[in-house]
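The values are calculated or read from the model by the stated rules, or taken from the named source; none is laboratory data. All values reported here derive from a predicted model rather than from experimental measurement. Cβ atoms come from the backbone with ideal geometry, glycine included; neighbour counts cover every protein chain shown.
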Amino acid sequence: MARLQACGSLSHMRDRRTGADRRERHLIAEPIERKRERRVADRRDSPRRTIALDVREPGKKSRSCVGDLSVEGASFITTTPPAGDAVELMFSVPTYVGPVVTRGHVVGRSGLPTGVQVSVVFPDIDVEAQLAIAQWLDLN
């Protein structure tokens with residue numbers, strides 16, 4: 001029983017390498033506010049452009065939304081977000097002949113004053129369509 005009390009005390013929380021109390025060492029020399037500063041900037045891997053999207057859930061009618069398009073996915077704002085995680089997107093880019101029709105997987109929803117922003121990734125977009133999107137994004 002005395003052994004349990006000794007283990008429960010904080011006196012054993014010493015770092016063997018430095019001899020200092022682990023809870024008192026200051027390993028980070030810079031202030032914690034650094035996290036907030038770092039996350040203010042846009043951290044996306046690829047550029048995005050505003051585009052008109054037709055969004056359709058399985059078994060429902062399509063609706064037009066304004067959104068942002070990138071090579072890997074899109075995001076759009078709607079007042080009626082998709083109930084599930086699967087959507088079909090249709091849009092046109094000038095560097096592709098005809099409309100691009102692709103399946104999208106919803107990866108995020110966040111509330112905004114104007115509706116809900118839905119983020120979608122393209123799990124199996126056609127390679128030619130993806131190259132056309134990349135080419136269009138590079139034009140500006």
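Tabulated results
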| read-out | value |
| --- | --- |
| Top-ranked residue of the stretch 50-73 - restricted to ones that are part of a loop (DSSP other than H, G, I, E, B) and of a type in the set (Gly, Ala, Ser), ranked as nearest to Glu128 (Cα to Cα) | Ser70 |
| Which listed residue, of Val87, Val66, Val107, is surrounded by 16 or more Cβ atoms within 10 Å (Cβ to Cβ) and modelled with pLDDT of 90 or more | Val87 |
| Out of Thr102, Thr79, sole residue that is modelled with pLDDT of 90 or more and in contact with a strand residue (DSSP E or B) (Cβ under 6 Å, 6 or more places away or on another chain) | Thr102 |
| Scope the stretch 105-137; condition in contact (Cβ under 8 Å) with a residue 40 or more places away in the chain and not in a loop (DSSP other than H, G, I, E, B); matching residues | Gln117, Val118, Ser119, Val120, Val121, Gln130, Ile133, Ala134, Gln135, Trp136, Leu137 |
| For Phe76: the one exception among (1) surrounded by fewer than 18 Cβ atoms within 10 Å (Cβ to Cβ); (2) touching an Asp or Glu at 6+ places or on another chain (Cβ under 8 Å); (3) farther than 15 Å from Gln130 by Cβ | (1) |
